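Novice: Have a look at the structure that comes next, please.
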Amino acid sequence: MLTSSSPVVTGMTVRTVENRLAMTRSQGSGTVRRTVRRVVVSLETDAGVVGWGEAAPWTVFSGSVESAAAALHIHFRPLVIGRPAHAVRSILDDCRRALACSAEAQAALEMALFDILGKSLGVPVHRLLGGAVRTSIPLSFSLADPDLEADLRRVRD
């Protein structure tokens with residue numbers, strides 16, 4: 001990808017953010033209330049390029065926002081600071097060895113590293129991953145409201 005001139009990661013900022021949702025969703029595994037919390041990580045480089053990544057854990061499935069933030073702060077920070085951003089595979093392998101059950105935090109870190117690479121090369125990240133393979137993305141909408149008509153109205157809106 002990049003040579004020795006690859007930007008070197010010099011800093012990491014981890015934030016927890018909370019966003020409002022338009023509605024409450026009751027799911028079989030839990031209820032999503034009026035807000036959702038996430039972790040946003042930014043990686044700063046010696047070249048002035050900043051990469052961004054996001055983790056969206058949900059405690060009933062994959063851990064908490066606090067555990068993802070702690071994984072980034074405590075375990076992953078020393079594994080990424082001072083390393084070239086192009087060493088994505090090596091960095092992520094080290095992170096997996098350091099903390100096995102941290103998929104969301106690892107994904108956020110991977111996003112931030114690829115964001116740095118794309119910006120440094122002036123190309124969209126999809127080019128780094130083999131190129132665009134589709135022009136649209138199929139989506140789904142969970143019908144979980146006991147009022148089926150209300151869900152159908154939301155789908156149409």
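The values are calculated or read from the model by the stated rules, or taken from the named source; none is laboratory data. Note that this is a predicted model, so its numbers are computed, not measured. Methodologically, a virtual Cβ is constructed for each residue, glycine included, from the backbone with ideal geometry; neighbour enumeration extends over all protein chains shown.
Novice: Please work out which residue is modelled with the highest pLDDT, limiting yourself to segment 105-157 and to residues that are of a type in the set (K, R) and within 21 Å of E54 (Cβ to Cβ). Write out each step before concluding.
Specialist: Of all residues in segment 105-157, those of a type in the set (K, R) come to 119, 127, 134, 153-154, 156.
Now drop any that are not within 21 Å of E54 (Cβ to Cβ), which leaves 119, 127.
Numbers: K119: 97, R127: 92.
In this case the residue turns out to be K119.
For (1) under 20 Å from A47 (Cβ atoms); (2) within 16 Å of the chain's Cα centre (by Cα), each residue gets a yes or a no:
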site: G63; (1), (2): no, yes
site: A87; (1), (2): yes, no
site: A112; (1), (2): yes, yes
site: G118; (1), (2): yes, yes
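Novice: Need a quick list: helices (runs of 4 or more DSSP H) entirely within segment 68-143 having at least 2 residues that are out of contact with any helix residue (DSSP H, G or I) (no Cβ under 6 Å at 6 or more places or on another chain) and free of Cβ contacts under 8 Å to residues at least 24 places away in the same chain. I'd like the intermediate steps shown before the answer.
Specialist: Details: elements: 77-80, 88-98, 103-121, 125-128.
Ranges flagged: 88-98, 125-128.
Novice: Turning to a different aspect of this structure: Output the residue which, of all residues in segment 56-94 that are under 19 Å from V36 (Cα atoms) and of a type in the set (A, V, I, L, M), is surrounded by the most Cβ atoms within 10 Å (Cβ to Cβ). Working first, answer last.
Specialist: Of segment 56-94, the ones under 19 Å from V36 (Cα atoms) are 56-70.
Narrowing further to those that are of a type in the set (A, V, I, L, M): 56, 60, 65, 68-70.
Numbers: A56: 15, V60: 12, V65: 20, A68: 28, A69: 23, A70: 18.
Here the answer is A68.
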